[in-house]
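The block underneath contains the structure these notes are about, expressed in structure tokens.
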Amino acid sequence: MATILAVIEHRQGVIRDITFELLTLGRKLAEKNNAQLIGVLLGHDTQSLAESLRTHVHRLLVADHEVFSDFNGETYQQSLATIVKKESPFLTLVGNTAFGIDFAPSLATQLGFPFTTDCIGVEMVDGRIRVTRQLYDGKMDAHVQLAESTSYVLTVRSGICPAEQGGLSAEVEKIESPVVSQPDHKRFIEYIEAVVGDVDITKADVVVGVGRGIKEQANLPLVEDFAKAIGGVVACSRPIVDANWLPKDRQVGSSGKTVKPKLYIAIGISGAFQHIAGMKNSDTIIAINKDSNAPIFNEADYGIVDDLFKVLPALKNKILEIKK
Amino acid sequence: MNFDLTNDQKMLQEEVRKFAQTELAPLAPEIDKSGEFPWPNIKKMAQMGLLGVIVPEQYGGSGFDFVSLAIAVEEISRACASTGVIVAVNNSLTAYPILQFGSEDQKKRYLPPLCNGEKVGAFGLTEPNAGSDVAAMESTARLEGDCYVLNGTKRFITNAGEAGTFVVFAYTNKELKHKGISAFIVERDTPGFSLGKHEDLMGIRATANCELIFEDVKIPKENLLGKEGDGFKICMNTLDVSRIDIGAQAVGIAQAALDEAIKYSKERKAFGKPICNFGMIQSMIAEMASEIQAARLLVHYAGFCKDKGMQRFSKESAMSKYYASNIAVDVARKAVQIHGGYGYSRDYAVERLYRDAKILELYEGTSEVQKIVIARELTR
Amino acid sequence: MDLIVCIKRVPQTAEAEVKIDASGKDIVRDRLTFDMNEADSYALEAAILLKEKFGGTITAISLGTADAEDTLRIALAKGADNAIRIKAEEFAQLDGFKTAALLKEVIKDITFDAIFTGCMATDDSYYQVGPVLAELLGVGHATLVSKVEVADGKAQVNRELEGGLIEHLEMSLPAVFAVQTGINEPRYASLIAIRRAAGKEIRVVGREEISIELKSNSTLEGLFLPPVGKRAEILSGSTDEISTKAATIIKEKGLI
Ligand SMILES: Cc1cc2nc3c(=O)[nH]c(=O)nc-3n(C[C@H](O)[C@H](O)[C@H](O)COP(=O)(O)OP(=O)(O)OC[C@H]3O[C@@H](n4cnc5c(N)ncnc54)[C@H](O)[C@@H]3O)c2cc1C
Ligand SMILES: Cc1cc2nc3c(=O)[nH]c(=O)nc-3n(C[C@H](O)[C@H](O)[C@H](O)COP(=O)(O)OP(=O)(O)OC[C@H]3O[C@@H](n4cnc5c(N)ncnc54)[C@H](O)[C@@H]3O)c2cc1C
Ligand SMILES: Cc1cc2nc3c(=O)[nH]c(=O)nc-3n(C[C@H](O)[C@H](O)[C@H](O)COP(=O)(O)OP(=O)(O)OC[C@H]3O[C@@H](n4cnc5c(N)ncnc54)[C@H](O)[C@@H]3O)c2cc1C
């Protein structure tokens with residue numbers, strides 16, 4: 001029977017959300033194409049992790065070895081190369097995450113399989129893979145057809161296939177670890193935790209997110225005043241941190257924090273998916289952006305298409321009025 | 001015939017544009033309000049070599065030609081008119097006369113600090129009672145031993161409040177009329193030299209425009225620029241060069257106004273559609289764009305005349321300054337018009353650009369004076 | 001250290017209007033401005049910082065059309081010593097894989113201690129050129145790199161993971177580093193450096209010099225505008241009216 005293989009992503013003893021999304025996508029594709037979904041878990045002391053995965057896959061391959069105590073893209077790549085060769089799935093799914101990006105493209109290259117990255121849609125048409133990808137700062141989508149092959153590798157963006165219950169009951173199949181030591185040329189040393197600052201944006205009810213539309217550091221007080229008026233904390237998109245205008249712990253998004261406030265106000269933020277990833281679960285989202293085509297308006301509940309430098313002072317005054 | 005920029009000019013344009021848009025443009029509205037001289041950006045420009053674009057490398061400059069200076073000044077002015085003037089005055093009104101007329105010692109001493117941002121330059125010609133009529137100036141310098149003793153007042157001097165090196169004009173012999181004017185290099189910390197009124201200007205508000213007051217200021221003889229009596233020639237020759245940069249400032253300001261106008265006309269809706277669909281708005285945009293391009297070509301041509309070593313290019317330079325400043329004011333006015341009432345509000349850049357543009361028709365010779373220069377050349 | 005930096009010239013689309021062209025497979029480019037891909041400017045700066053510390057040379061390589069030479073010249077002005085353009089116009093269907101394969105064909109004849117690429121180009125968003133190039137060259141790699149420090153022939157490398165967590169690795173050279181944005185402060189080219197770089201020769205490599213037949217992984221079938229999902233309710237009116245509406249919504253949610 002044809003198989004689809006999905007690589008389980010976990011870190012520091014926790015299975016990452018992307019995994020269940022990937023497995024949901026994998027099950028759907030398997031169902032449509034009369035195939036089986038195989039989960040591959042590379043880890044150490046994996047018992048409880050494995051247990052939580054059993055209902056999501058038809059088969060669960062587990063290589064339990066010390067070498068997988070921490071993540072190393074190279075040990076993953078070499079192990080998966082062996083496993084994929086042995087199982088010959090027609091599709092290998094990996095998350096388009098810091099984890100997946102570090103080994104999936106090179107794995108596919110090593111195996112000589114067509115692949116593509118950061119898919120937001122995947123279909124099988126006549127035995128070939130056709131994916132949807134996003135280009136040009138998220139302003140365009142594209143259909144991409146992969147070259148003809150017996151096997152493919154894809155990385156899939158998080159958040160595009162919400163996780164569902166599995167309803168399956170796979171037995172754990174222990175396999176030999178194909179790799180037993182880290183390679184000399186790439187060794188994991190340690191994880192370094194992000195520095196904790198004075199404000200915890202993940203705990204606030206109202207988060208005011210500011211992006212590159214603010215133009216310069218000197219304009220930040222405008223946002224700070226506004227946040228103060230509304231009783232919220234100031235967070236930001238990545239470029240603001242890149243420019244050192246705010247500390248890293250204020251960054252919302254895939255490489256920053258995930259926030260779920262009651263209200264998120266996005267100010268001068270275009271809505272790149274990496275940013276969306278960090279705030280999409282907010283109860284209410286209001287976006288202020290002068291570009292009516294900015295992707296943020298596809299995520300927000302309410303949109304204000306206008307110059308933030310005009311809107312912010314006006315909105316601040318209204319809020320102060322109401323508060324009185 | 002070739003309109004292409006050279007490789008180095010193209011690169012300079014691309015890099016200066018990026019620098020100006022990222023580092024200068026964001027500050028433009030703020031320094032317009034505060035009037036604060038943008039020292040941090042001046043230091044950054046020094047690092048890039050923008051303060052001595054036309055100064056040879058041996059004196060700490062970048063060694064580019066005058067067309068390149070015009071390109072740089074256009075891009076800087078497009079982002080921030082105040083900064084554009086500061087750079088232009090440093091390059092063509094201060095460094096240039098020292099480079100052109102100074103002794104080797106003067107060049108070695110005064111040019112490197114002007115290029116590396118240690119000191120900013122200023123040009124002291126205008127007086128309370130002498131503007132267009134340069135020869136009406138009242139400042140005097142009389143030789144006493146090893147020094148000239150300078151007395152007088154200069155008005156409206158750009159950069160003055162923050163400058164370290166001044167090129168100053170004064171009579172050494174009043175009888176000889178304009179042939180009795182001499183030029184001096186004056187350092188800021190010379191005793192007797194003080195600053196007067198700080199001008200509260202309509203536009204280019206961050207240019208530290210100030211009055212200079214000289215009371216028995218002793219200037220060492222070595223600081224005479226050229227020979228005694230060369231002042232008028234130095235002044236006119238310098239203005240021929242610097243007017244190209246006023247043209248470049250004009251093109252930059254006008255381009256910024258057009259950019260804003262186009263953007264706004266696509267966003268603003270009236271009568272159910274974006275206003276860029278109205279014929280009268282399109283007409284304005286077409287006029288603005290054509291005039292800017294014509295002005296830019298005049299400016300580049302004047303620079304080209306200087307670069308190829310033409311002895312007399314007063315006419316070309318005056319034409320570029322006259323035409324470009326004229327259309328810049330008009331383009332900025334139309335940009336305000338296209339913005340409707342919002343263009344009259346301080347929240348929109350065109351309001352500032354309109355104020356910034358107006359100075360172009362006034363300084364370094366008013367439009368009337370440019371016409372006099374042009375006509376005189378044609379009827380000579 | 002001999003270093004290579006891979007640079008892409010990309011359209012600046014973050015604040016621009018992006019339209020599909022007549023072929024349906026590309027965007028209308030004539031009104032867009034182009035510049036060095038954002039992450040690549042950090043990659044270049046990272047290489048320059050290493051060169052300043054250890055000496056050596058930097059070769060900047062771009063697969064692109066003739067105007068990519070403008071971007072390469074800027075790289076020369078900022079600190080690269082050599083530049084190579086691979087003529088994109090002579091190759092079809094350039095996906096991330098084929099791009100990496102072409103880069104490899106040129107780089108295989110150059111000795112290097114490290115290659116720097118951006119982690120992602122803002123136009124095609126592939127995230128793959130760096131790691132694929134490494135695989136094809138048979139050297140190690142790290143993606144999403146936020147720091148590279150070299151001492152005693154080893155590189156201490158930080159990768160930036162989700163949530164701001166850092167993965168610290170020790171790697172041997174040569175290796176490929178696909179760097180993140182924001183990891184340093186890219187410099188501007190000085191005018192003197194521009195003047196010097198303007199005259200420098202850029203090596204141009206075309207179809208004829210690439211000996212092997214390259215296949216691409218994928219074919220772009222067509223572009224389309226992202227479907228408008230939930231689409232926000234746009235508040236309309238004057239700034240004042242909009243503010244009143246927004247404030248009312250915020251109040252109704254019980255947030256003030
Ligand atoms: C691996 C990786 C991880 C990443 N992680 C993150 C992350 O965790 N978080 C994150 O945010 N990004 C992240 N990014 C970056 C992301 O791709 C985008 O580049 C970034 O989110 C864009 O930030 P922005 O919206 O502030 O800026 P831009 O995309 O430049 O948008 C600015 C917006 O402001 C608007 N604007 C401008 N002026 C005004 C005005 N006067 N009034 C109103 N609106 C105005 C513009 O229309 C535009 O839409 C990551 C990228 C990569 C490659
Ligand atoms: C912001 C600013 C910055 C400046 N920076 C400097 C600087 O750095 N250094 C410096 O030396 N000066 C500087 N100036 C002075 C400037 O160059 C003079 O203001 C200008 O030359 C005009 O002189 P004026 O103001 O005395 O006008 P006037 O000469 O009094 O002219 C008044 C009006 O009469 C017209 N007019 C005069 N003569 C004639 C004529 N013969 N025919 C027809 N019309 C005529 C003029 O065109 C003008 O319209 C600056 C001025 C300003 C406002
Ligand atoms: C200081 C000040 C005081 C004011 N006081 C008052 C007041 O007391 N009472 C009051 O009611 N209003 C007042 N206004 C508003 C003023 O009347 C409007 O700004 C003005 O009518 C223009 O409208 P607008 O700004 O919306 O421009 P828009 O309608 O946006 O027009 C923008 C541009 O498009 C052009 N345009 C628009 N439609 C067309 C068309 N169909 N064909 C060709 N061109 C077109 C306009 O001429 C303009 O150049 C004031 C404004 C200001 C700045």
Filtered residues of region B:259-290 (kept if more than 19 Å from A:LYS290 (Cβ to Cβ) and within 12 Å of ligand 3 (Cβ to nearest atom)): B:PHE271, B:GLY272, B:ASN277, B:PHE278, B:GLY279, B:MET280, B:ILE281, B:GLN282, B:SER283, B:MET284, B:ILE285
Flag if A:LYS228 is closer than 30 Å to B:ALA28 by Cβ, more than 9 Å from every other protein chain (Cβ to nearest Cβ) and not aliphatic (A, V, I, L, M): yes
Enumerated helices (runs of 4 or more DSSP H) restricted to region A:8-124, each holding at least 2 residues that are modelled with pLDDT under 95 and farther than 25 Å from C:SER172 by Cα: A:17-32, A:47-53
Subset of region B:258-310 that is within 16 Å of ligand 1 (Cβ to nearest atom) and within 25 Å of the chain's Cα centre (by Cα) - its residue that is surrounded by the fewest Cβ atoms within 10 Å (Cβ to Cβ): B:ASP259
Complete set of residues in region C:165-198 that are outside any loop (DSSP other than H, G, I, E, B), more than 8 Å from chain A (Cβ to nearest Cβ) and within 27 Å of C:TYR126 (Cβ to Cβ): C:VAL176, C:PHE177, C:ALA178, C:VAL179
Output for region B:139-174, where each listed residue is closer than 25 Å to B:TYR363 by Cβ, in contact with a Lys or Arg (Cβ under 6 Å, 6 or more places away or on another chain) and not in a strand (DSSP E or B): B:GLY164
Every residue from region B:80-131 that is among the β-branched types (Val, Ile, Thr) and touching a residue at least 60 places away in the same chain (Cβ under 8 Å): B:THR83, B:VAL85, B:ILE86, B:VAL89, B:THR94, B:ILE98, B:VAL120
Hits in region B:238-264 (condition: touching a helix residue (DSSP H, G or I) at 6+ places or on another chain (Cβ under 8 Å) and within 14 Å of chain A (Cβ to nearest Cβ)): B:GLU260, B:TYR264
Test: residue in region B:345-354 that is more than 14 Å from ligand 3 (Cβ to nearest atom) and of a type in the set (Val, Ile, Thr): no
Tally, over region B:330-342, of residues that are crowded, with 21+ Cβ neighbours inside 10 Å and either within 21 Å of the chain's Cα centre (by Cα) or modelled with pLDDT under 95 (or both): 2
Subset tally (residues that are more than 9 Å from chain C (Cβ to nearest Cβ) and over 30 Å from C:MET171 (Cα atoms)) for region A:179-225: 25
Filter pass, C:SER62 being surrounded by fewer than 23 Cβ atoms within 10 Å (Cβ to Cβ), more than 12 Å from every other protein chain (Cβ to nearest Cβ) and among the hydroxyl-bearing types (Ser, Thr, Tyr): no
Flag if B:LYS179 is more than 23 Å from B:ASP105 (Cα to Cα), of a type in the set (Lys, Arg) and in a strand (DSSP E or B): no
Positions within region C:199-233 being without any contact (Cβ under 8 Å) to a residue 12 or more places away in the chain, away from chain B (no Cβ under 14 Å) and part of a loop (DSSP other than H, G, I, E, B), in sequence order: C:GLU213, C:PRO226, C:PRO227, C:VAL228, C:GLY229, C:LYS230, C:ARG231, C:ALA232
Residue, nearest to the chain's Cα centre (by Cα), within region C:234-256, restricted to residues that are more than 7 Å from chain A (Cβ to nearest Cβ) and not in a helix (DSSP H, G or I): C:SER236
Which listed residue, of A:HIS44, A:HIS65, A:HIS10, is surrounded by fewer than 18 Cβ atoms within 10 Å (Cβ to Cβ) and touching a Ser or Thr at 6+ places or on another chain (Cβ under 8 Å): A:HIS44
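The values are calculated or read from the model by the stated rules, or taken from the named source; none is laboratory data. Being a predicted model, the structure only gives us computed values, none of them experimental. FYI the Cβ positions are ideal-geometry reconstructions off the backbone, even for glycines, and counts take in every protein chain you see.
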